[in-house]
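Following: one structure in C-alpha cells, then a few remarks.
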Amino acid sequence: MKKPQIALLIYIAALGCDFYLLPYCIQDTGSGMFMMLCVMPLVAICSAVLYSVRRGFSLLLPMVAMLLFSPTIFIYYNTTAWVYIIFYGVITLGGSGIGHIFYQKR
C-alpha cells in the first residue's frame, strides 16, 4: 500500500471507533444527544482537520465518514438518524477545509 493510503486508514479507524464504539456510552436520551451532537462530531472534525493538515484536502474522508456512519443507523439508532449521515459528511468536509488552510501555510 502507498504511504498516503496507510495514513488515511488511521483516520478511517478513528472514525470507525467514533461511530461504532462511542454509542456504547449512550445510556439515556440526554447522553445520546450529547454523544451524537457534541462528542462524535468533535472526534470527526478533529480527525478531518488532522488528516488535512498533514495530507491536504481530500473528499475521500467525508465520503468514508458518511459510508461508515450509514450502517450504525440499523445497529444503534432508528430511521430518524438518517439526517446524521449528511451531518457527519458536512462536519468532516468542513474539518478538511479547515485543515487544508493550515496545510497551505506549511
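Observations on the model:
- Highest average packing first - 84-92, 26-34, 6-14, Cβ atoms within 10 Å: 84-92, 6-14, 26-34
- Length-normalised contact order for the chain - Cα pairs under 8 Å, 6+ apart - percent: 35
- Candidate residues LEU61, LEU68, LEU93: accessible-area rank, largest first, probe 1.4 Å: LEU93, LEU68, LEU61
- Three-way shape call for region 63-106 based on the alpha-carbon gyration tensor, with the a/c threshold at 1.5: prolate
- Taking the C-alpha atoms only, the angle from helix 40-55 to the longest principal axis of the chain is near 10 degrees.
- Near-label residues of region 47-82 by backbone N, under 19 Å of a point 7 Å along Cα→Cβ of LYS105: 47-58
- For the chain, the mean residue ellipticity at 222 nm estimated from helices alone is -24500 deg cm²/dmol, where every DSSP H run of n ≥ 4 contributes -39500 (n - 2.57) and the total is divided by all residues, rounded to the nearest 500.
- Candidate values (1) 19.9, 71; (2) 13.9, 44; (3) 14.8, 49, label of the one derived for Rg and Dmax of the Cα atoms in Å: (2)
The values are calculated or read from the model by the stated rules, or taken from the named source; none is laboratory data. Keep in mind the model is a prediction, meaning the values are calculated, not measured. Neighbour counts are summed over all protein chains in view; Cβ atoms, including those assigned to glycine, are modelled from backbone coordinates with ideal geometry. All accessible areas refer to the heavy atoms of the entire protein, side chains included, with ligands and DNA or RNA removed. Shrake-Rupley method; radii C 1.70, N 1.55, O 1.52, S 1.80 Å.
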